[in-house]
1. Residues that are in contact (Cβ under 8 Å) with a residue 60 or more places away in the chain and farther than 26 Å from A93 by Cα: which helices (runs of 4 or more DSSP H) entirely in segment 108-199 hold 1 or more of them?
2. Within segment 487-535, how many residues are in a loop (DSSP other than H, G, I, E, B) and not basic (K, R)?
3. I'm told D150 meets every condition in (1) more than 25 Å from Q55 (Cβ to Cβ); (2) open to solvent by 50 Å² or more (accessible area, probe 1.4 Å) except one. Can you identify the failing condition by its number?
4. Do the conditions hold for G561, that is, is it touching a residue at least 24 places away in the same chain (Cβ under 8 Å), among the small types (G, A, S), closer than 18 Å to S488 by Cβ and open to solvent by 20 Å² or more (accessible area, probe 1.4 Å)?
5. When V476 is evaluated against the numbered criteria (1) out of contact with any strand residue (DSSP E or B) (no Cβ under 8 Å at 6 or more places or on another chain); (2) within 27 Å of G400 (Cβ to Cβ); (3) not acidic (D, E), which criterion, by number, is the only one it fails?
6. Out of A477, A471, A420, A451, report the one residue that is free of Cβ contacts under 8 Å to residues at least 24 places away in the same chain and either open to solvent by 30 Å² or more (accessible area, probe 1.4 Å) or assigned to a strand (DSSP E or B) (or both).
7. Test V514 against the criterion of being in the same structural domain as R464 (by the TED database), touching a residue at least 12 places away in the same chain (Cβ under 8 Å) and open to solvent by less than 10 Å² (accessible area, probe 1.4 Å), and give yes or no.
8. Among the helices (runs of 4 or more DSSP H) lying completely within segment 310-415, list those that include at least 3 residues that are under 28 Å from A502 (Cβ atoms).
Amino acid sequence: MSAVSLLDGGPAAPPAPEAQDILALLGDRATLARARAGFRIEQATDTAAHAEYRQLRRQVFVAEQGLFDRHDLDGHDADPRTVVLLARDREGALLGGVRLHPVPDGPDIGWWAGSRLAVHPAARRASGVGPALVRAACARAEQEGVLRFDATVQPAAERMFARLGWQRVRPAVAAGRPHVLMRWPIGRIAALAEAAKSPLGPLLAALRGAVPDTEGPRPYGASGPASSGFAGAYPDGPAAVAGSYGASAGFDGTYPGGPGTAAGSYAGPGDAGSPGGYEGRAAAGPYAAVPGVPGAYPGGPGRLPSPYSGFAGLGGAGFVGDDGAPVPGSDVIAACDAILPSMVARDPEWAGWCAVLVNVNDLAAMGASPVGLLDALGAPDAAHARRVLDGLARACAAWGLPVLGGHTQLGVPAALSVTALGRTAHPVPGGGGRPGHRVRLTADLGGSWRAGYRGRQWDSTSGRRADELRAMAGAVAAARPAAAKDVSMAGAAGTLGMLAEASGCRAVLDVAAVPRPRGASMGDWLTCFPGFAMLTADAPGAPELSAGPATGAVCGELTQGQGVGLRWPDGETTEAVTAAVTGMGPA
């Protein structure tokens, strides 16, 4: 149906196989309201449509304007990545067209341009065809994962582009005539950083000043929770989960063959006094004492050493917004991550896997060797909880980690949070960068988009061997760069902004040098959760990370200032993030 009939209840459209109206899909009511005669915008998909568009271009740019001698064809017309959008009236007559395409030769790095905007002379008065084509081109560019979208326009068109939100960059020359370089502002990276991280500074201000009391050592872990869903985690007694989990690294053969308690490791009875009756007791047996946390688990209430007294919260000196927190008086690093409740509800096995993955990545960024995990699980019923724990158990086996304890609550909305403990005598801070340091991205480019999360979650880990996963997890500890952060919710560009902020710097990212999978656009890759990806900063010439199957490259630098800039092959820098990402300030 036509754009107008879709919105105002006018005449029905011709039947399929007519192409979808791009303006209608965009909900562009402002432009559609000005389209008195009625028109639609569609993508040219066949040779005839492309030929019709080129004929219109020849009429406008050769015959009418004299910009070219015989034709206006160029290499972009032969590029299969070029997209042509056409405006047609209700009878199918061509009213105008525009094309958009990658700018540099070679791989698409997310820099595109719009060009050859042509409107038929009979459709130029009050029709809205030109603005509609420009709007549709902007939307399509962002859909393609573009992060820089330019147009070199004639001076007479500058006002229209400015009204549509484009920004003037500088004067330019095209076809020997004066033009103006305009740029469409794409705020994808800034919007993600704003949504994911900007509230943190104000929210956590009170905690940053929190100082525990100094009345002496305090009990720690005397009655901590049992492993969720493992021993004593379900109601009606201390029975362990029946043998659906199998033996896995760290589980000490807990569940082979049928119901039974954990073999010494997680066999605490249920704690009937806990909320809902699902909490168990802390792990006994082989994990009764974790190195570096004296007496932290029962046989007897442990106590933290006195250096904890007077410790300022949220990481302490030199650690602000880090992936893990050094525990005072020890070599222990603690990390904690919550999984999106919607993901726990609709993809429970994947949520369990990712809960381990993100915590291992956090410890890896700190240069810590993982010791074990504690999980807190909420689920509507035991069947859903079992699916989450299946994923968690499989991931624990892959990375060779035990679940030290946890908590399970049934009859509630799906929720999952995991705390990880690791050890290192020399933690790597996220805020250790300095102006002049080179930025390196080391990422696992294998895998593909996770089903149901295209453009948002790149699954590079679920198909990896255990030795490959552990090699990547140990890369920062071996290289010990000045600063490191694992790429998480803010995406690679936003996470780089966090590293720069904690380091008191600005970051510049060389877009063309960023390691990236072939199946991901630059816009998607810099804003997704990538499985394993580590950003590091260090002096020029510092050794690269040896991270098994992961690929690394120097792709930027830290400078004076704040925010994140994207540097392009022509030397131009566009702003991805203009200010501090979290508001937590330098470490």
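The values are calculated or read from the model by the stated rules, or taken from the named source; none is laboratory data. Keep in mind it's a predicted model, so treat the numbers as computed, not measured. Please note: Cβ atoms are built from the backbone with ideal geometry, for glycine as well, and neighbour counts cover all protein chains shown. The area values use the complete protein model at the heavy-atom level, side chains included, leaving out ligands, DNA and RNA. Shrake-Rupley method; radii C 1.70, N 1.55, O 1.52, S 1.80 Å.
1. 129-143, 188-197
2. As a first pass, look at segment 487-535 and keep what is in a loop (DSSP other than H, G, I, E, B): 487-490, 503-505, 514-521, 526-528, 530-532.
Among the residues that remain, those that are also not basic (K, R) are: 487-490, 503-505, 514-515, 517, 519-521, 526-528, 530-532.
So the count comes out to 19.
3. Going through the list (1) more than 25 Å from Q55 (Cβ to Cβ); (2) open to solvent by 50 Å² or more (accessible area, probe 1.4 Å), D150 breaks only (2).
4. No: the conditions fail for G561.
5. Going through the list (1) out of contact with any strand residue (DSSP E or B) (no Cβ under 8 Å at 6 or more places or on another chain); (2) within 27 Å of G400 (Cβ to Cβ); (3) not acidic (D, E), V476 breaks only (1).
6. A451
7. no
8. So the answer is 348-365.
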